[in-house]
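These notes concern the structure reproduced below.
The values are calculated or read from the model by the stated rules, or taken from the named source; none is laboratory data. Computed from a prediction, not measured in an experiment: that's the story for all the values here. With ideal geometry, Cβ positions are generated from the backbone for all residues, glycine too; neighbour counts draw on all protein chains shown. Note: accessible area is taken over every heavy atom of the protein model, side chains too, but ligands, DNA and RNA are not part of it. Shrake-Rupley method; radii C 1.70, N 1.55, O 1.52, S 1.80 Å.
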Amino acid sequence: MTVALVGPGTCTACGACLPTCPTRALLPAPGGPSVVAAACTGCLACVEVCPVDALAVIG
Ligand code: SF4
Ligand code: SF4
């Protein structure tokens, strides 16, 4: 499975990544986005927009 992961120690919960996801796989949560793994296509849009490199795609 290809899925985006949020680095919990790095994410500032700025929310910049949320609107970039074409499949709405990123949901707002207090400590940073929650990733709906089944909806993530690994497109890298969120990874590219994150200002602190808190997102990565694996798989
Ligand atoms: S990699 Fe693409 S599909 Fe997956 S959470 Fe990020 S923006 Fe959404
Ligand atoms: S853009 Fe980066 S720092 Fe901002 S909420 Fe998303 S993962 Fe966290």
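Summary of computed values
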quantity	calculated
Accessible surface, per residue, of the chain when the full set of protein chains is kept, probe 1.4 Å, Å²	59 Å²
Accessible area of segment 3-58 belonging to carbon and sulfur atoms, whole % at 1.4 Å probe	62 percent
Spin-label model distance (nm) - Thr10 vs Val49, 7 Å beyond Cα toward Cβ	1.8 nm
Cysteines, the chain, no other Cys beta-carbon under 4.7 Å	Cys11, Cys14, Cys21, Cys40, Cys43, Cys50
CD proxy at 222 nm, helix term only [per DSSP H run n ≥ 4: -39500 (n - 2.57); per residue of the chain; nearest 500]	-1500 deg cm²/dmol
